[in-house]
Amino acid sequence: MPCPFFFPLRVLEPTAWLRPPRMPLGNTYAGVCHALPGAPVAPAEVRQQDLCNRGYARGQCDCFPADAAADAVRFSILGEEDGRIRLLYVLEKNHAPVEHGQLEFMEALTGAEGREVLTAQARAFVESYRRQTGDSDGRSRTV
């Protein structure tokens, strides 16, 4: 459940965890914080691992807005058919859903128009899913 303001850019190399934790986006990502519109910042890598990638940073992160509508974003795969991946997203506040919807991937994402951070997180989630399921048929995909 990444922070709703975290814009993932690239997979981080695994750290020295004895047992790597399960990450909400499938992998740990480096990225930038979009809590202040028009002024993205790149928190320290350890903060990204502990807060940005895991969400629920309210009260722990100096960037997190006190009036934010959500604390975290959760993604789940609903199904895959004919190259389409259907995805559910849930925005949570205080561990309860405040918004949800469906997204779809084929060659591009549909369903999150105008929501760049949600789009980037969904793309990262799907890319991690494809790595984990061994979907490497060589086709170029843009999500």
* Would you check if residue 42 is free of Cβ contacts under 8 Å to residues at least 40 places away in the same chain and buried (at least 19 other Cβ atoms within 10 Å of the Cβ)? => no
* Of 69, 39, which residue is over 21 Å from residue 10 (Cα atoms) and either at pLDDT below 90 or assigned to a loop (DSSP other than H, G, I, E, B) (or both)? -> 69
* Structure fact -> Picked from region 77-103 (must be part of a strand (DSSP E or B) and small (Gly, Ala, Ser)), the residue nearest to residue 113 (Cα to Cα) is 101
* Can you name the residue in region 33-75 that is of a type in the set (A, V, I, L, M) and within 11 Å of residue 3 (Cα to Cα) and is also farthest from the chain's Cα centre (by Cα) among such residues? -> 68
* Any hit, region 93-102, residues being surrounded by 12 or more Cβ atoms within 10 Å (Cβ to Cβ) and within 13 Å of the chain's Cα centre (by Cα) -> no
* To do: Find the residue count for region 46-66, including only residues that are of a type in the set (Lys, Arg), assigned to a loop (DSSP other than H, G, I, E, B) and surrounded by fewer than 18 Cβ atoms within 10 Å (Cβ to Cβ).
  => 1
* Within the set of pairs 6 or more residues apart or between chains, which connect a residue that is more than 19 Å from residue 125 (Cβ to Cβ) inside region 48-67 to a residue that is part of a loop (DSSP other than H, G, I, E, B) and among the acidic types (Asp, Glu) with Cβ atoms less than 9 Å apart? -> 58/71; 64/71
* For residue 108, all conditions in the list (1) closer than 23 Å to residue 130 by Cβ; (2) buried (at least 17 other Cβ atoms within 10 Å of the Cβ); (3) at pLDDT below 95 hold save one; what is the number of the exception? -> (2)
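The values are calculated or read from the model by the stated rules, or taken from the named source; none is laboratory data. This structure is a prediction, so every number in the text was calculated from the model and none was measured. Counting neighbours? That spans all protein chains shown, and the Cβs are built from the backbone with ideal geometry, glycine included.
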